[in-house]
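K.L.:
Got a structure for you, written out below as structure tokens; questions coming shortly.
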Amino acid sequence: MSSLIGTVKLRETATNAAVVAEVYDGVDQSHLANWQTKWKPIIEATRVRLQQQGMDPNALLQSAHWEWDKKAAHFQQLLAYRMFAIVCNGDTQGLMAVATDPRHRTRLADDQGRTGLGLAYVDYLESAPWNRPEHVAQPRFRGVGSILIAIAIELSADESFKGRIGLHSLPQSEDFYRTTIGMTDLGPDNNYANFPLRYFEMTEIAARSFIQGGKK
């Protein structure tokens, strides 16, 4: 089940105009159909183009293997997971899955020196391929990733985690989380699955600064 929880503004790259987008709590079949029929063909076309250019598609298309229909079917059965979608001009612009279960705890000390506090863990976050420079010469919209992070921070606050969030970043997204979002890079996590992705975390203070406009 998906419900409209508000609106946000994306920035149209071509005109720099602000465009109203809808935020949904929960991912429904319309969001997944858009991913299936519009996202996937662009991703596959980019894969073919890179191969023809003698490049390794896996180096640039690091989230191409994510199957959002399977993720939705799985996460929607779990009470400690929330999924979100951003829709603009009838298209799904971004998708995110966030865990709020007690397995995920802070590693970064807060202003009182405490670690092991609850946080919202961003498990998956992806913007539509037409918003990303590896797919198109001029991305359609800016701000999708930042808005999804803001939603995760607000969910954290709702769960009494005071805005604290954490995530493991794909290599191509590390600079986004480090520089654009302002999260703290805690280095490669050798305990993460089969590949030591870098782990990033945001404290309560950093989250407050982000929401108040300190980072965009």
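Every number in this text was worked out from the coordinates using simple rules, so none of it is lab data. From a predicted model like this one, the values you see are computed outputs, not experimental measurements. For neighbour counting, all protein chains shown are included, and Cβ atoms are generated from backbone atoms with ideal geometry for every residue, glycine included.
K.L.:
Once the Cβ-Cβ distance between M55 and Q112 is put in as r, and R0 is 45 Å, what FRET efficiency do you end up with, to the nearest 0.05?
P.N.:
Efficiency, from the Cβ-Cβ distance: 0.40.
K.L.:
In the P(r) worked out for the range 92-216, what percent of Cα pairs fall beyond 20 Å?
P.N.:
Roughly 42 percent, rounded to a whole number.
K.L.:
Let me ask something else about it. With all pairs of different alpha carbon atoms counted, what Kirkwood hydrodynamic radius in Å does the chain show?
P.N.:
Answer for the chain: a Kirkwood hydrodynamic radius of 17.9 Å.
K.L.:
Another question about this same structure. Around W39, under 10 Å between beta carbons, what's the net of Lys plus Arg minus Asp minus Glu among the other residues?
P.N.:
-1
K.L.:
Sequence gap of 8 or more, or different chains, plus Cα separation below 21 Å: how many lysine pairs satisfy both in the chain?
P.N.:
Summing the qualifying lysine pairs gives 8.
K.L.:
Calculate one ³J(HN,Hα) per residue across the range 157-172 by plugging θ = phi - 60° into the Karplus curve 6.51 cos²θ - 1.76 cosθ + 1.60, and present them in order as whole Hz with x for glycine and proline.
P.N.:
Calculated HN-Hα couplings, in order: 5, 4, 8, 6, 9, 6, x, 5, 9, x, 6, 9, 9, 5, x, 6 Hz.
K.L.:
Roughly how many Å is it from the Cα centre of the range 140-164 to that of the range 37-56, as a whole number?
P.N.:
When both Cα centres are located, 30 Å separates them.
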